[in-house]
Amino acid sequence: MSTAGRRLGSTVFALVAAIALLSNCSAKVAGTASPLGQLDPGSAGGMPVNTGQSGPRPGVPDATLPVVNTDHGEMDRLAVNTISDVDDYWTDQLPKVFGRQFQPAATLTSYDSDGANVRVCAGRENTAGVVNAFYCNLDNSVSWDRGELLPTLVQNFGPLAVTMVLAHEMGHAIQTQLGPLSGVNNATPSIVLEQQADCYAGSFMRSVAEGKAKHFQMSTGDGLNKVLATTFFVRDDPGSSFKGKSAHGNAFDRVFAFQTGFTDGPKRCAQIDVNEINSRITETAFRNDEDASQNGNVPITVANLQIVAKALGDVFAKAAPPKLVTPLATCADAKTTSPTAYCPATDTVSMDVAKLKVIGTPTKKGGGIGDFAAFGEVASRYVLSVQKAANLPLDDANTGLRTACLVGSWGASMKKETDQLVLSAGDLDEAVAELLAPNSLIAADVNGKPAASGFARVEAFRIGFLQGAGTCTQQFGN
Ligand SMILES: [Zn+2]
């Protein structure tokens, strides 16, 4: 969030007469197919959510592709097994979907960004200090940093984060081989190329989820959640332009591209073009120097939480808004969730500000996420009050997704030039990261039980953000 130009001294909760967003929008016509009918809390892109093992398959012999400069260590083993499975996938899919034979990468190079320099990419690139993985179309090669990038990915998101990142690089190989069939040429903007590569990676990861990959397996619950969360790590720096020379997209946009490939397969990925990008990309610059200097984050204070509550009051226009209190209060008719809880009996949102501050304050070590993560947690409890007023259940199978959707609709309302806090670059990414965290409340019911599918949580938030609160009760009615 960022502070807007005009500020009011008062943080009194205003009551604003406005449209009743929920009460008149919950009608559902029996038998009518919803355009997003597949979106249910137990489904990840059409696959049932499961809780199996995720990572390398035990007992499968390692692939034996040649790697330049390998140290034969764990990271290179992970990388080579990934490339081998990705090769198998495209060897099967490219002829089926595009009528083309797949060409594997001609050269694989491992390097340590902290070690000796290696010349890669037809001699055009140096690897010293380059914490990255990349595809080079000059010589059809893939290179990766085994020293810092891969271990960091594994440490933060598990081994499948490496699989996802290298599947993305091979996505560029696919795009290069397809050329016009993927709608790309030398003038195609970076963001289109990158969104396609994320999408191709998503389509490969579905085959992993389906148990078709030789070396890897992935649950559609926690396993896939972690892979999706990796987009927060590999996103562009907040405030970047999607028109930038090497734009990859923010996490919100990258996770969408990945999910598109996962759900709809590679043919759909090839259709991502400039027109589509212009119509849906959310990556945006910082609003002003102050916003940039704060990296789009305001401090998590009681005063700012009151501003958030006022904004929620404005957008949901409840005749009697819930009370916001500190500290966390126990409640007679629901579990006390942390760091914030909603109590239906007293219509109260209670908060542990110190814990919210931890979530809302990003640190170099990656402890906190950002202000929207903390404010989103509070918003999620607030919208339970909104649902209660509309006589919607607070603990049924759809409550989690409905809640995430309503939080998304509130996020969109914060784009407006209001008098206090405004949505800032990075906020939507923080929502994605928080939604995928194991204990997040943003997609959870009154007792803190989250929708099982992180995939569906992100989709529900996006639907609310793009289509507004009315859609939330239509899509996730009871
Ligand atoms: Zn890329």
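Things worth noting here:
- DSSP beta bridge pairing in the chain, given as percent antiparallel to the nearest 5: 65 percent
- Simple rule: put +1 on each Lys or Arg Cβ and -1 on each Asp or Glu Cβ in the chain, find the dipole, and look at CYS405, GLY221, VAL386; the Cα lying farthest toward the positive end is VAL386.
- Averaged over residues, the count of other Cβ atoms within 10 Å places the peptides 471-477, 226-232, 100-106 in the sequence 226-232, 471-477, 100-106, highest first.
- Three-way shape label, the chain, alpha-carbon gyration tensor, a/c 1.5: prolate
- For the peptides 79-85, 264-270, the ranking by packing is 79-85, 264-270, with the highest mean count of neighbouring Cβ atoms within 10 Å listed first.
- Residue-wise HN-Hα couplings along segment 378-383, as the Karplus relation 6.51 cos²θ - 1.76 cosθ + 1.60 with θ = phi - 60° gives them from phi, are 5, 4, 5, 6, 4, 6 Hz; Gly and Pro carry x.
- Per-residue Cβ neighbour counts within 10 Å put ILE281, ILE442, ILE300 in the sequence ILE281, ILE300, ILE442, beginning with the fewest.
- Across segment 139-145, computed HN-Hα scalar couplings (Karplus, 6.51 cos²θ - 1.76 cosθ + 1.60, θ = phi - 60°) run 9, 6, 10, 10, 10, 9, 8 Hz from first to last residue, x flagging Gly and Pro.
- Computed [θ] at 222 nm, deg cm²/dmol, the chain (DSSP H ≥ 4; -39,500 (n - 2.57); rounded to nearest 500): -13000 deg cm²/dmol
- The count of lysine pairs in segment 350-441 whose Cα atoms are under 24 Å apart, excluding pairs fewer than 8 places apart on the same chain, comes to 4.
- Segment LYS364-ALA128, extension gain: residue separation times 0.36 nm, minus the distance between their alpha carbons: 82.7 nm
- Paramagnetic reach from LEU466 (point 7 Å along Cα→Cβ, amide N under 16 Å) across segment 164-206: 195-196, 199
- Ignoring aspartates and glutamates fewer than eight residues from LYS335 along the same chain, the ones with Cα atoms less than 12 angstrom from its Cα are ASP395, ASP445.
- Computed P(r) (all Cα pairs; segment 309-371; 5 Å bins; percent): 4, 18, 20, 20, 19, 12, 6, 2, 0
- D_trans [Stokes-Einstein, Kirkwood Rh over alpha-carbon pairs] for segment 167-214, 4 °C, 1.567 mPa s, µm² s⁻¹: 117 µm²/s
- Which of GLU194, GLU434 has the fewest Cβ neighbours within 10 Å, and the rest in rising order: GLU194, GLU434
- Spatial offset of segment 218-238 relative to segment 55-94 amounts to 21 Å, using the alpha carbon center of each.
- Descending by average beta-carbon neighbour count within 10 Å, the peptides 387-397, 145-155 line up as 145-155, 387-397, the highest first.
- Applying the Karplus relation 6.51 cos²θ - 1.76 cosθ + 1.60 with θ = phi - 60° to segment 213-218 yields 3J(HN,Hα) values of 8, 5, 9, 9, 9, 8 Hz, where x marks Gly and Pro.
- Between segment 142-162 and segment 410-478, the Cα center-to-center distance that results, in Å: 29 Å
- If R0 equals 30 Å, the separation of the Cβ atoms of THR326 and THR152 corresponds to a calculated FRET efficiency of about 0.25.
- Fewest neighbouring Cβ atoms within 10 Å first, the residues SER203, SER141 line up as SER141, SER203.
- Put a dot 7 Å past the Cα of THR51, heading toward its Cβ, do the same for GLN101, and the two dots end up 4.8 nm apart.
- Shape of segment 181-249, Cα gyration tensor, a/c cut at 1.5: oblate
- Here LYS323 is the anchor, and the aspartates and glutamates within straight C-alpha reach of less than 13 Å, apart from those fewer than 8 places off in the same chain, are ASP347.
Computed from the coordinates by the stated procedures, all read-outs in this text should not be read as laboratory data. Since the structure is predicted, the reported quantities are computational estimates derived from the model, not experimental observations. FYI the Cβ positions are ideal-geometry reconstructions off the backbone, even for glycines, and counts take in every protein chain you see.
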